[in-house]
Amino acid sequence: MSVPSFSISFVIVPLAMNARILIEAIFPVSKKTEKTASLTFSEIYSSVVMNNISGLTTLLAVVYAKDLPWDYSAEVLTILVVCAIVGILGVSRTEYPFWTCLLAFFLYPFSLGLYCFVVLVLHWN
């Protein structure tokens, strides 16, 4: 198919893995109350953090167990920055206004841009 591995690992796989959560989150929000919206955002934020942390843990375990060379600094930095932003947002709020939803949606293109910046400008491998 000649799809770059970057596109598969950072675009296609995350969308495929989280599509079910997104679809399940849309239906409760259709009630349009602040409480259901806040609960939906909370569920999405927690699943994002848990998916990323479990993925990082698996990667670190495989690299350590197989004694592989470490070539993932840019990816790990990007994931940690996004997890830190979402984690701080999740810990500091009990109700999520609409701007937090916009922030969460813009973190995905931000993370792709951060990764490209770190690789292309800072020359991290």
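The values are calculated or read from the model by the stated rules, or taken from the named source; none is laboratory data. Source: prediction; values computed, not measured. Heads up, the Cβs are rebuilt from the backbone with ideal geometry, glycines too, and the neighbour counts pull from every protein chain shown. For accessibility, only protein heavy atoms count, side chains too; no ligands or nucleic acids. Shrake-Rupley method; radii C 1.70, N 1.55, O 1.52, S 1.80 Å.
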Completion exercise
Checking rank on 105-118, 54-67, with mean other Cβ inside 10 Å and highest first, the result is 105-118, 54-67
Exercise for the section: Whole number in Å², please: accessible area per residue of the chain, 1.4 Å probe, ligands, DNA and RNA not counted. Expected result: 70
Completion exercise
In the list (i) 13.6, 43; (ii) 16.3, 51; (iii) 19.1, 75, the entry giving Rg and Dmax of the Cα atoms in Å computed from the coordinates is (ii)
Fill in the blank from the handout: Mean-square fluctuation maximum in Gaussian network of the chain, Cα pairs under 10 Å, restricted to 68, 103, 15, hits 68
Handout entry: Span-rule helices in the chain, defined as complete DSSP H runs reaching 30 Å or more along the axis (Cα) with Kyte mean at least -0.5
Key = 34-66
Handout entry: Summed residue charge, Cβ within 14 Å of residue 58's Cβ, Lys/Arg positive, Asp/Glu negative
Key = 0
Exercise for the section: Report residue 101's accessible area, 1.4 Å probe, all protein chains in place, as a number in Å² to the nearest 10. Expected result: 10
Problem - With every protein chain in place, the chain: carbon and sulfur % of accessible area (1.4 Å) - result: 73
Handout entry: Cα-centred dipole magnitude for the chain, charges only on beta-carbon of K, R (+1) and D, E (-1), debye, nearest 20
Key = 300
Handout entry: Cβ-based charge dipole, the chain, positive-most Cα from 41, 84, 110
Key = 41
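Please give the contour-minus-distance gain from residue 62 to residue 34: 0.36 nm per residue of separation, less the Cα-Cα distance, rounded to one decimal in nm.
My answer for the length gained is 5.9 nm.
Relative contact order, percent, of the range 36-125 when contacts are C-alpha pairs under 8 Å separated by at least 6 residues? Don't jump to the answer; show the numbers that get you there.
Working: 42 pairs, mean separation 38.6, N = 90.
Relative contact order here is 43 percent.
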Fill in the blank from the handout: Expressed in nanometres to one decimal, the distance between label points 7 Å along Cα→Cβ at residue 108 and residue 8 is 2.0
Practice task
Work out the FRET efficiency for residue 77 and residue 101 from their Cβ-Cβ distance, taking R0 = 25 Å, and round it to the nearest 0.05.
Solution key: 0.50
